[in-house]
Amino acid sequence: MGNRKKPFSVKQKKAQLQAKRARKRTDQHESDTEPNVTREVTQQQQPIPLKANTNINRLTSQFDKLTRTEIEANKLRSMQPLQHADPKQALTMSFDDAYSVNVDIPVRPTWKYGESREAVEAREAAYFAEWTKRLQEHTTDAVSLYEKNVEVWRQLWRVVEISDILLLVVDIRHPVLHFPPSLYRYITETTGKPLVVVFNKTDLVAPDTVKAWMHYFRAKFPSVALTTFCCYRNDKTVLLNDLNVAHMKLRKKRPRKRVYDSSQVGGLFEACRSVCDPQKLDLVDWDELIAKYAAESDDDDDNNERDAAESDNESEDEAADDAVESKIEDGGHGEVVSGKYVTIGLVGHPNVGKSTVINSIMNRTVVSTSRTPGHTKHFQTIHVTPTLRLCDCPGLVFPCVVSRPLQVLAGLYNIAQVQEPYTSVLYLAERVPLEKVLALKPPEEDVSPYQPEYKWSAWAICEAFAIDRGFYTSKAARPDVYRAALHMLRWELDGRILLSFKPPGFFDDFSYLKDSQR
């Protein structure tokens, strides 16, 4: 009848596991009584030492971690009843709120031709260590998360050096946070290069918000060229009021299938032409280039849908790196501006859409993107025309004085690595009525007929959202509040939950809105 398996009862399985554990305890006891054998096995299992100049985490971002005490205190604070903040104070941000005059960025030390790579990097490492020590000893303002890996800063220095024009890409939802004044001074004063600020993701906010920020930046930085950009064109709805709950609910469902939008590339190149060096202005036929994108914006989007159908905010096609491998130029130390090209460098924080802007310019996926900060590890150069090239710099977190929850909500920190997300949800819930936007229902056992209005907390919002989405723990079948909190943070990063800051005076003085319409 063949080899038929015999029935194996639960009792037999339990006896088998008990015998296995007993054998393990016996082996452990014997190994403790034979130290020579233990030492020999340990030596055999040691990893192979790496070479002196090898570092597997060379371009990995490094940040400070929270202590266990801080995590528990933040968790208890998230369980307290919510106190909704006044939008006039809580949703207004100025440069004084985000940055301090005493907090700057590291600038590459001077170098000379003929110096060895080791000598230049040793000088940079010593300078960076001194800068980090000085920043940590700064006690006037509490400095938030910032990049502590000198290798990532080297990418910024080299992109600034080889570029003729710098594009600082900022998220229109909180542009002040993505515009470090120290970076502005480094580009415009130290290097003397033109700067163009690109307000990206304008489809996520109301038109009045875009106009207000444009007016605010023009008044603060009159020498900087400004332009707006929208990377995707699938969304047909226009947000009329990004503070209204009914309008915010329209953003809760975002299309998964997105198509690159090149209709605003012409305006971006128009801004680049206005600040380009006159000696290099004739290298690029700007009129033909701008007319090309103006014509493409009127064409059908079938080709775009075929090329970008699989592109999602989760992660782009990893094979895109191979498609432009022949167009990528890696730089060593000592890069200088080339006289054969007009190089446009894209710099800024992680998750502001630098790589997506490049893909929109190329009208296809040429640079892989992800909402995970630090996805772009090394700067890479892509040619638009034989004499015009784009240089994509890895995003890095500049030192500032805002709170850590806001940095998490702005996408500067990897959400999957957040130790406790409840503080970020609390920060979000104080400024956005999450319980109304997500249409959450309070637990029935906590609703009292003598207290008709339920007192929400950040923890209760996470718990209700977990029940609504079906997130439960595997063993105890309790609402998985940690997973629900991370899910809400990802929705906020994608724009499905809208947290949009306004310039000072937005709620009181609307004169700049009229001026920006002229």
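The values are calculated or read from the model by the stated rules, or taken from the named source; none is laboratory data. A quick note: this is a predicted structure, and the numbers were derived from the prediction, not measured. Reconstructed Cβ throughout: ideal geometry from the backbone, glycine too, with neighbour counts over all protein chains shown. Each accessible area value is taken on the protein alone, full model and side chains, heavy atoms only, with ligands, DNA and RNA left out. Shrake-Rupley method; radii C 1.70, N 1.55, O 1.52, S 1.80 Å.
Just to confirm a number: summing +1 for Lys and Arg and -1 for Asp and Glu over residues other than TYR472 whose beta-carbon lies under 13 angstrom from that of TYR472, what do you get?
Working: positive: ARG469, LYS475, ARG478, ARG483; negative: GLU463, ASP468, ASP480.
Net charge in that neighbourhood comes out at +1.
Of the accessible area of the range 124-198, with the probe set at 1.4 angstrom, what percent is carbon plus sulfur?
Details: 1120 of 2240 Å².
After summing per-atom areas, the C and S share lands at 50 percent.
Which whole number of Å³ per residue matches the convex hull of the alpha-carbon atoms in the range 144-227? If you can, show how the numbers build up before the last one.
Details: hull volume 9.2 nm³, N = 84.
Value for the range 144-227: 109 Å³ per residue.
Ordering 493-502, 108-117, 406-415, 283-292 by mean Cβ neighbour count within 10 Å, with the highest value first, yields 406-415, 493-502, 283-292, 108-117. Put the Cα centre of the range 73-152 next to the Cα centre of the range 423-441 and the gap is 28 Å. Accessible surface for the range 173-230, divided over its residues, is 30 Å² per residue with a 1.4 Å probe. The packing ranking of peptides 381-392, 73-84, 150-161, highest mean first, is 150-161, 381-392, 73-84, where packing means the average number of other beta carbon atoms within 10 angstrom of each residue.
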